[in-house]
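Report on the structure given below.
The values are calculated or read from the model by the stated rules, or taken from the named source; none is laboratory data. Please read these numbers as outputs of a predicted model, since none were measured by experiment. Cβ sites come from the backbone with ideal geometry, for glycine too, and all protein chains shown count toward neighbours. Just so you know, the surface numbers come from the protein's heavy atoms only, side chains and all, with ligands and any DNA or RNA stripped out. Shrake-Rupley method; radii C 1.70, N 1.55, O 1.52, S 1.80 Å.
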Amino acid sequence: MLRNQLHASGSFRSVDFCEPPAATTAQLTLAHAPDYVHAVEQGTLTPAQIRQIGFPWSQQMVERSKRSSGATIAAAKAALFSGISANLAGGTHHAHYDFGAGFCVFNDAVIAARTLQQDGLVRRVAIVDCDVHQGDGTAAICQGDTSTFTFSIHGAKNFPVRKQESDLDIDCADGMTDEAYLAALSDGLTTTFNASEPDLVIYLAGADPFEDDRLGRLKLTKAGLATRDRLVFAACANANAALAIVMAGGYANNIQDTVDIHVSTLVQAAHWQRSGRQLS
């Protein structure tokens, strides 16, 4: 639905849509334990590991998970040349070093950050996570890694119950509305960019802070979420940092609302990139 609506939006050409290569095993193990990656690839996960991920193992699941990680790598590389790019999936931030969780198999943001760092394309990366659920896997994998700054703004009482320590966490109370959220995000972005001075930002543009999201518990409007995106874009522009966008979560009662929020993010991003990374 997202891809079709972007095609129909008039903001993109057919050539703007590219099918990514799958992440390689070597790339996956930059963020994950080799034994865990092998178990996913070979279908030897235990029943408990499969339950923790949340859906059954299949070869198609493996392929999709590798493609999703590969797409974030590809978006990050493309952003270094165009200023901004996006993966129409990704944001699987609950995947930890040696286990998957919360419908997340591989942590695409960390995989992409470390792939580009290993290839010598970037030095410093900031992961800005605006999904309503804390990026616990991202935080855990990157603890002690001074080359990647992790910032998560999320529902304080939402999943996961046991939070991890990001470089910067902002806990949002149930029912938080646009004004308070945007003020907190603005402060968080200032702290993040001052502390990290990133070459690349990977932005998890979750649609689930939306007021009618079944799993969100916050009360942001579509207009508020659009302003959220512009704050992130402006911070990247001010820092001259490349920006790779991934979709992360969205569980609106009406799926069209989730699609509309993601479309808004990407259409605004396209206009921002084509106007010389300036926002009106």
Once both label points are put 7 Å beyond Cα along the C-beta direction, the residue 44-residue 143 separation in nm becomes 2.8
With the crude spin-label approximation of a point 7 Å out along Cα→Cβ, what separation in nm comes out for residue 61 versus residue 161? 2.2
If one computes the Cα centroid of segment 187-266 and of segment 19-67, what distance in Å separates the two points? 26
Spelling it out for residue 215: with amide H atoms placed in the peptide plane at 1.01 Å from N, the residues 5 or more places away or on another chain with amide H under 5 Å from its amide H are 251
If N is the residue count of segment 141-180, its Cα Rg over 2.2 N^0.38 Å rounds to 1.34
Of the DSSP H helices in the chain, the ones reaching 18 Å or more along their long axis in Cα terms and averaging at least -1.0 in Kyte-Doolittle hydropathy are 59-82, 178-196, 222-239, 255-274
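Heavy-atom accessible area per residue, the chain, 1.4 Å probe: how many Å²?
43
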Pairs of alpha-carbon atoms within less than 8 angstrom and 6+ residues apart define the contacts here; what relative contact order does segment 208-252 have, in percent? 45
Summed residue charge, Cβ within 12 Å of residue 182's Cβ, Lys/Arg positive, Asp/Glu negative: -2
What number, rounded to the nearest 500 deg cm²/dmol, is the helix-based mean residue ellipticity at 222 nm of the chain, given -39500 (n - 2.57) per DSSP H run of at least four residues and division by all its residues? -14000 deg cm²/dmol
Simple Cβ-charge dipole of segment 144-220, Lys/Arg +1 and Asp/Glu -1, about Cα centre, in debye nearest 20: 320
Which entry in [x] 28, 23, 17; [y] 26, 21, 20; [z] 32, 20, 18 is this structure's computed semi-axes √(5λ) of the Cα gyration tensor in Å? [y]
With every protein chain kept in the model, how would you rank 41, 19 by accessible area, 1.4 Å probe, largest at the top? 19, 41
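Take the Cβ-Cβ distance between residue 230 and residue 253 as r, set R0 to 35 Å, and report the resulting FRET efficiency rounded to the nearest 0.05. Please report the intermediate quantities before stating the final value.
Numbers: r = 26 Å, r/R0 = 0.73.
Taking R0 as 35 Å, the efficiency between residue 230 and residue 253 is 0.85.
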Given the protein chains as shown and a 1.4 Å probe, how many square angstrom of residue 63 are accessible, to the nearest 10? 80
Reachable lysines, given that their alpha-carbon falls under 30 Å from the alpha-carbon of residue 163 and they are not under 8 places away in the same chain: 66, 219, 222
In whole Hz, with x marking every Gly and Pro, tabulate ³J(HN,Hα) for segment 119-131 from phi via Karplus 6.51 cos²θ - 1.76 cosθ + 1.60, θ = phi - 60°. 7, x, 8, 9, 10, 10, 10, 10, 9, 9, 10, 9, 5
Which order, highest average first, do 96-103, 130-137, 225-232, 245-252 follow once you tally other Cβ atoms within 10 Å for each residue and take the mean per peptide? 130-137, 245-252, 225-232, 96-103
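How high is the relative contact order of the chain, in percent, counting Cα pairs under 8 Å that sit 6 or more residues apart?
Once divided by the residue count of the chain, the mean separation gives 19 percent.
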